[in-house]
1. Determine one quarter of the surface area of the Cα convex hull of region 237-367, which equals its mean projected area, and express it in nm² to one decimal.
2. Once label points are set 7 Å from the Cα along Cα→Cβ at both ALA56 and ASN281, what is their separation, rounded to one decimal in nm?
3. When N is the residue count of the chain, what does its C-alpha Rg come to as a fraction of 2.2 N^0.38 Å?
4. Using a cut-off of 13 Å between beta-carbons, work out the net charge of the residues near ASN36 (Lys and Arg +1, Asp and Glu -1, ASN36 not included).
5. Which whole-number percent is the relative contact order of the chain (Cα, under 8 Å, 6+ apart)?
6. Ranked highest first by the average count of other Cβ atoms within 10 Å around their residues, in what order do 332-342, 241-251, 309-319 fall?
7. With the chain treated as a Gaussian network of Cα nodes joined by springs under 10 Å, which of ILE81, ILE158, ILE97 yields the largest mean-square fluctuation?
8. Please report how far the C-alpha centroid of region 272-334 lies from that of region 193-221, rounded to the nearest whole angstrom.
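Please treat every number below as a calculation from the coordinates, not as lab data. Computed from a prediction, not measured in an experiment: that's the story for all the values here. Note that each Cβ is placed from the backbone with ideal geometry, even for glycine, and that neighbours are counted across all protein chains shown.
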Amino acid sequence: MLSCNQDSIFYDISIEPEPRTAIIPGSATEMILLKNQLFVGTRMSNRFYRYSSNAAGVPEWSAITLPEGTLGDLATDGEYIYALVFRGGEPLSESVIKRLNLNDWSWDKEVTVADYSIQSLYGVPGHIFAGGQQKSDHQNFAILYHNPVTDYIAVSRIRVSILKGALIHSDGTIYLATMGNGIYTFNRGLTYGPISGTAGAAITGFIEIGEVIVAVSSDGGIYSNSSGGFTKVSTGVNFTGAISPWYDVRNESPVPSLLLLGIRGSGVSRTHGYRELPLLNGVPAGDIQIQIPGTEPLTSVINNAKYTASIGVHPVEVIMQVPDVSRGGPLDYRRFSGNPEWEPPIFAGTTKDGLWAYRDGEWNTEE
């Protein structure tokens, strides 16, 4: 038995990809899509990066340097990039939201709030939301709302846990996720909730898929909504909040086939990476079951052992299958139609080991 275990260890080492220097090091911010460009940064650094196609249609990376301070996170309201910046490099001291205008690449506005240090930042079209920690009471968090039209930031909800996401449903409803108080709705400056079935939930991320909202929690819950609220299924893993739809480009399906969900092993576990939630006609099936990449016929990777030995040993904090231009992404899939083996890359941001990419059947650091 000992020999078998040793053989397995040696095999895992033998197929582990040769480590490369990540072009985007450290801990990744949220990945933001705006005007057919993808933006992602390194937390607590002074820069972030743009992934876009050049004049020849070839995708490439370029760097953008902050005018001051260090980076906390990125968000967009559909028109601008917003960067959460810590002026002194210390998250609990002075925080500011800076706006980047892509028309002339100028930092043209900034927003601060006196009583709170901003700890998280999210956007939906026309709106920017922030999670604020009260300077006089670090146990008190609030949901802050910035209206880009009036250029004003206001407190929408006090005594709530840290904001962990914002989305606008296809019916126009805005939802806000918190890590400890569940999911709320937002309307005209006010936050309502929590929604039935989510009270007390440590929501780490959510997404709308086929008019269904799917949320995940740090204790392994997958929540999905219906007319009466949300229902929870427990899975036994710890979700980080990283979520991405995955499209099967070989079948040219117009709806996603999987949701990719980032996980973090507990304790000293080396089982990290992500899991796959199969979708039926673009939405979760009634019987929610997650699968390990590479173990089922429909999967995001070719080889489970290679997955396990590479990205599988890193907690995945953000993840995205790079979308086609028709879905706001930086890649025109049609340019690759001559290669039947081509798949769009999947980017994954790790806790501390930089941005990784799945290309040509292998996960490795993006260089």
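1. Answer in nm², one decimal: 8.2.
2. Those two pseudo-labels are separated by 4.5 nm.
3. Working: Rg = 20.3 Å, N = 367, 2.2 N^0.38 = 20.7 Å.
This ratio for the chain stands at 0.98.
4. Numbers: positive: LYS35, ARG50, ARG327; negative: ASP324, ASP332.
Local charge sum for ASN36: +1.
5. That works out to 14 percent.
6. Values: 332-342: 11.9, 241-251: 19.6, 309-319: 23.4.
So the peptides 332-342, 241-251, 309-319, ranked by packing, come out 309-319, 241-251, 332-342.
7. Result for the chain, Cα springs under 10 Å: ILE158 fluctuates most.
8. 19 Å
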